[in-house]
Amino acid sequence: MLFNMNIRDILIILPLLIMSLSVHEYAHARVSTALGDPTPGNQGRLTLNPLAHLDPIGTLMLVIAGFGWARPVMIDDRYYKNRNLGLVLTSMAGPLTNLAITVVILFIFKLIFMFQVVNSAFIASFFQILQQAAFLNVMLFVFNMIPIPPLDGSRLVSAALYKRPDLLIPYNRYGGYFLLFIILADRVLPMDLFPLGRWAGGVFNLLAGLIL
C-alpha cells in the first residue's frame, strides 16, 4: 500500500500509476473510436491528460487501499459492425497497451545494457524509474486480464457466452461483488488469495527472458 512506502517511492510510483491508467483508458477510447463509435470523443476521452480519466474515489483508493481504478470509458457498441468482436477489441486495447509499454521499456533496458551506461548516476536513476513503470504496467495487464467482471478479461468470457444469457446475465451481475470479496479477503486473511504480484512477476520475468 502506498501509505506504507516512503515519500520518495510514492512520488515515483503514484505519477507512474496515474499515467499508466490514463494510457490504458485512452487505448479503450481510441479503439472504440476507430470502430466507428463517437462516444469517447464526445465525452473528451481521446486524450492522454490524466484529468480526463481519473476517478476521484478510485484515485483515493489507490492511496489508502493499494488498489484503485480510473473512470471507465463509455462506449456505444451499436456503432460496431460486429458488436461482439468490437467489444473484445475495445476491451483488450487497454491491457494490451500496458503490456506493450512494458515490452518497449525492456527493449530500452537492452539498449542500456548494450552500451553499458548503467554506471552513470543519471542512467541508474532513470533505469529504476523505468523498472517501476515496466512492472506497474505488467500488473495492470495481469489484473485487467482476470476474467471477472468488470475487468477487461471478462469480455472474452462474455463473447463466448453471448448465446447463453442464462449464464451471461448472472456472470456480469455478480462478478463485481466476487472480485471485491476476493480483494478484501486477500487484505484481511492470513493467506495469499490474490497473488497479483507473483502473477505479474512471472509475466515480467518471461518477457525479460525473451527480450534481454
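Where a number appears in this text, it was derived from the coordinates with a stated rule and is not lab data. Only a predicted model underlies this, so the values are computations on that prediction, with no experimental measurement involved. Cβ sites come from the backbone with ideal geometry, for glycine too, and all protein chains shown count toward neighbours.
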Using alpha-carbon coordinates, inclination of helix 56-65 to the longest axis of the chain, degrees: 50
Excluding exposed DSSP-loop trypsin sites (Lys or Arg not before Pro) (at most 14 other C-beta within 10 Å), longest clean stretch of the chain: 82-162
Helix 165-188 axis, angle to the chain major axis (alpha carbon atoms, nearest 10°): 30
Using modelled amide H (1.01 Å from N, peptide plane; none on Pro or chain starts), what sits under 5 Å from the amide H of Trp69, excluding residues fewer than 5 places away? Gly58, Thr59, Leu62
Between Ile57 and Lys163, what is the label-to-label distance in nm when each label sits 7 Å out along the Cα-to-Cβ direction? 3.8
Tilt of helix 196-211 relative to the longest C-alpha principal axis of the chain, in degrees (0 to 90, nearest 10)? 70
Per residue of segment 133-147, in order, report the coupling 6.51 cos²θ - 1.76 cosθ + 1.60 (Karplus, θ = phi - 60°) as ³J(HN,Hα) in whole Hz, putting x for Gly and Pro. 5, 4, 6, 4, 6, 5, 4, 5, 4, 5, 4, 6, 8, 5, x
